[in-house]
Amino acid sequence: MAKRHSPLMSWARLWQRGLKAAMAAAPAPALKAPKGAKKAQPAKKAAARKPVAPKAATAAAKRAAKAAAHSAKAVVDRAVKTSVKAAVGAAPALLKPSSLRRAVAPAARGAGQWVDGMAFSRPQPGGLGTLAAMHGTGMRRYRVYKPAGLRPDERVPLLMLLHGCGQDADGFAASTRLHTLADRQRLCLLLVEQDRLANAQGCWNWFDTRHGRAQAEMALLMGALDDVCRLYPVDAQRVLVAGLSAGASMAALLASTHPQRFAAVVMHSGVPPGMADTSIGALGAMRGRSARRLLATAPASPQGEAAITPGAHDGPLPPPLLVIHGDADTVVSPDNGHAAAQSWAEACGARPRPARVVQRGQRHPMRLTDYTAPGGRLAVVLAEVAGLGHAWSGGHGQLPFGDPHGPDAGAMIWAFARRVFAQRGRGAERRGWG
């Protein structure tokens, strides 16, 4: 357990720092001549004078040393007074609660309201709740964005967002600017943040299914989703999950494990689940090794060992998938985007339709491929963006992992969601008529 320091101890440390800085910056004190001592004579005159007796020279040296010490003490006293005044003046500001809160980046404030929350580990089959606590993953901070004017009796869609490595919830919100989409289309956002104790780089441990860290984090994410669905006016039948990089891999794993909870899933520059089960294997999968093997052989399911095979699986099929990947991505190979689309489509019994090239204004062009199942049901959309690296397409150009020259990923997500919602509505109608 970390030691807790009192405000007084903090002031003392600040005083010590100010004292060291003042002593380092203070000029060497000038030595004052003792009383009765005569001014120094020119060299020639001094040489002509008789040498001073040893006893008198010793007394003069003592008086000079005493004067120097007195002058140095005065300098130190002034430095002490200055540093103490600075410490006392700064202490109240340091102790204000508002200074301890993390402010939302100006680029992600929006017209709505941001609300903080915390999801805690819950008992899971196999003792995953205990495992989560052992790995330092027993809780997760999350942020909810509510559009302005949201009424308690409304039921709006919810978009769950999982950031990539080296990001947090605030940075991801600012980079993607999806709060603007939430304001325009009236939907809520849920951004869950990885704990640095669980992964030093802030990555979601999507790959570690062998030791249970992936399952433990999924349990926490589902706990956050349950909290938001209970506390906010969202439609539980219109929940989407999207992620970037490691967040994309975790989003796909989450949706394939809990397909009944998500209407759709979006993978932006991620690795399909099941491609690795160790951190070393995940690095190889990012380079496309597993994806190329998968593409060269029979397609696999997005769940890896827990494969979903059409006709051999009695449970629900995975929700529709939107894959966004740049062909200039040097961090996560574009082969992973192809592998994700192919494996997901195979699990749904879907086949690709002719690709089409779309370009909006001066943004990067993209190649779109729809995969549809029998009956015309949309299963997968693969969007290959030309010239896009490892960054959120259409994101904030002044922040990490954002490319403003790419097509707007937020608009693509919402267009995909509308197709999925309409498809689900038609399916519900058909079931009602039957």
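Brief remarks on what is shown
- Annotation: peptides 152-158, 343-349, ranked by per-residue average of other Cβ atoms within 10 Å with the highest first, follow the order 343-349, 152-158.
- Remark on GLY243: its backbone amide H falls under 5 Å from those of LEU162, VAL266, HIS268, a criterion applied only to residues 5 or more positions apart or on other chains, H modelled at 1.01 Å from N.
- Backbone phi angles across the stretch 249-266, fed through the Karplus curve with coefficients 6.51, -1.76 and 1.60 (θ = phi - 60°), yield HN-Hα couplings of 5, 5, 4, 5, 5, 5, 6, 6, 7, 10, x, 6, 9, 10, 7, 6, 9, 10 Hz in residue order; Gly and Pro are listed as x.
- The stretch 180-300 - accessible surface per residue (Å², probe 1.4 Å): 35
- 3J(HN,Hα) along the stretch 335-342, derived from phi through the Karplus expression 6.51 cos²θ - 1.76 cosθ + 1.60 where θ = phi - 60°, amounts to 4, 5, x, 5, 5, 4, 5, 5 Hz, with x in place of Gly and Pro.
- DSSP-assigned coil residues among trypsin sites (Lys or Arg not before Pro) in the stretch 177-224, each with at most 16 further Cβ atoms within 10 Å: ARG186, ARG196, ARG210
- Taken along its three principal axes, the alpha carbon spread of the stretch 315-373 comes to 43, 25, 16 Å, from the longest extent down to the shortest.
- Candidates ASN199, LEU189, GLY166 compared by Cα position along the dipole of the stretch 141-202: farthest toward the positive end lies LEU189, with charges placed on Cβ.
- Counted charge near ALA111, where neighbours are those whose Cβ lies closer than 15 Å (Asp, Glu -1; Lys, Arg +1): +4
- With Cα atoms defining each centre, the stretch 353-367 and the stretch 146-180 are spaced 26 Å apart in the structure.
- Other residues whose C-beta falls under 13 angstrom from the C-beta of CYS203 contribute a net charge of -3, scoring Lys and Arg +1 and Asp and Glu -1.
- Residues listed by number, the stretch 324-352, amide nitrogen under 14 Å from VAL358 label point at 7 Å toward C-beta: 324-325
The values are calculated or read from the model by the stated rules, or taken from the named source; none is laboratory data. Small disclaimer: the values here were computed from a predicted structure and weren't measured. Glycine gets a Cβ as well: all are built from the backbone with ideal geometry, and neighbour counts include every protein chain shown. Surface accessibility is based on the protein's heavy atoms, side chains included, excluding ligands, DNA and RNA. Shrake-Rupley method; radii C 1.70, N 1.55, O 1.52, S 1.80 Å.
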